[in-house]
Amino acid sequence: MKQLLSHLLIVLVLGCCVVSRAAEEDEILFGSKEKDAAGLIAIIYDLKQTQARKPSNVSAGEYPDVIKEFLQKGWDELVLNRFFRITRPLYSTQIFIPQISANVAPKAYGVDNVMRPSAWVIHYKGQVSPPEDGTYRFVGYADDVLAVAVNNKTVCIGARPDMEMKSVWKSSDPQEGANAFNGNLVYGDWVPMKKDEPVDLDVLVGERPGGEFGAFLLFQKQGVTYGKDRHGKLVLPVFQLARQNIPGKDDGRSPPYLKSDLLWKQHR
């Protein structure tokens, strides 16, 4: 009997360790809490609340309007500052988040007790430069929305169709990218860039109703020949500022990616 109880206790402890480790790995997807960590500064906002923690009356139907206002006003943070902002940011070296619960984002910031997992956005920002001189475009998608700006100009939006973001920006490339979660990667505008010459990079990701979330940011360099997946879609490198494990699930819902040594450079 004692041996049975001891065995059950070991199984329980190991199970708890596995669950705890999985939870930690999920939260790390959004970045590091360390102040001196490398990466884009990532700030989360709750559009359901004002800065005074009062209801903002932003419903799921009005959520896209706030995103559009922010983008159309040139990524003006005054738009987002109307809402509850978590003062302690995270620091992220990549944005590649396979399908997870939308509640993981508030948990990553330690505010799941005051922020329900809906109508939130995360604003990533920093100065970066490409690994080589060339013309690049960002390629991405998120449920519900991912947007990218270079020097305050929107250059890519990958979002669910019901977010109706085409009134703000529309891809000039008619082809769809690889499958990504419940949609397809979207090809952004081509932008000339030079190695070691920084540009301002802003990325916005957000979740509207709650439930499931996923976000992916990759890049393409003009003139480079890339391989294709079994659907004939380009397989591209993940945007990274440091060498980091790229999470993935073999469920066909994360986009294929190229394992590359090309790292973007962060400028402080």
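Bear in mind that the values in this text are calculations on the coordinates, not laboratory data. Nothing here was measured: the structure is a model prediction, and the numbers come from that model. Ideal geometry is used to build each Cβ from the backbone, glycine not excepted, and the neighbour counts take in all protein chains shown.
Please go through the range 33-136 and write out the trypsin sites (Lys or Arg not before Pro) that DSSP classes as loop and that have at most 13 other C-beta atoms within 10 Å. Here the trypsin sites (Lys or Arg not before Pro) that fit, given the DSSP loop and packing criteria, are LYS35, ARG53, LYS73.
Shape analysis of the chain places it in the oblate category; the axes a ≥ b ≥ c from the Cα gyration tensor give an a/c of at least 1.5, with a/b not above b/c. Put in line by how crowded their Cβ is, counting other Cβ atoms within 10 Å and starting with the fewest, PHE216, PHE83 read PHE83, PHE216.
Can you tell me how much longer the chain between THR87 and LYS194 gets when fully stretched, taken as 0.36 nm per residue apart minus their C-alpha distance, in nm with one decimal?
Gain in length upon complete extension: 35.2 nm.
Under 1.5 on a/c is rounded, so check that first for the range 135-268, then, if it is not, pick prolate when a/b is larger than b/c and oblate when it is not; a ≥ b ≥ c are the square roots of the alpha carbon gyration tensor eigenvalues. It comes out rounded by the Cα gyration axes.
Here r is the Cβ-Cβ distance between ILE246 and ALA52 and R0 is 35 Å; the resulting FRET efficiency, rounded to 0.05, is 0.30.
When only DSSP loop residues count, what GluC sites (Glu not before Pro) in the range 157-236 have their Cβ near at most 14 other Cβ atoms within 10 Å?
GLU164
If you plug the beta carbon distance of GLU164 and ASP112 into 1/(1 + (r/R0)^6) with R0 = 35 Å, you get a FRET efficiency near 0.75. Straightening the chain between GLU69 and ASP261 buys 65.4 nm, computed as 0.36 nm per residue apart minus the Cα-Cα spacing. Straightening the chain between ARG268 and LYS33 buys 82.9 nm, computed as 0.36 nm per residue apart minus the Cα-Cα spacing. Cross-linked pairs LYS195/LYS259; LYS33/LYS259; LYS35/LYS166; LYS48/LYS259; LYS73/LYS233; LYS33/LYS233: Cα-Cα separations exceed 30 Å for LYS35/LYS166; LYS48/LYS259; LYS73/LYS233; LYS33/LYS233.
Let me spell out the model: positive unit charges on the Cβ of Lys and Arg, negative unit charges on the Cβ of Asp and Glu, origin at the Cα centre of the range 33-267. What dipole size does that give, in debye rounded to 20?
Charge dipole, the range 33-267, about its Cα centre: 280 debye, nearest 20.
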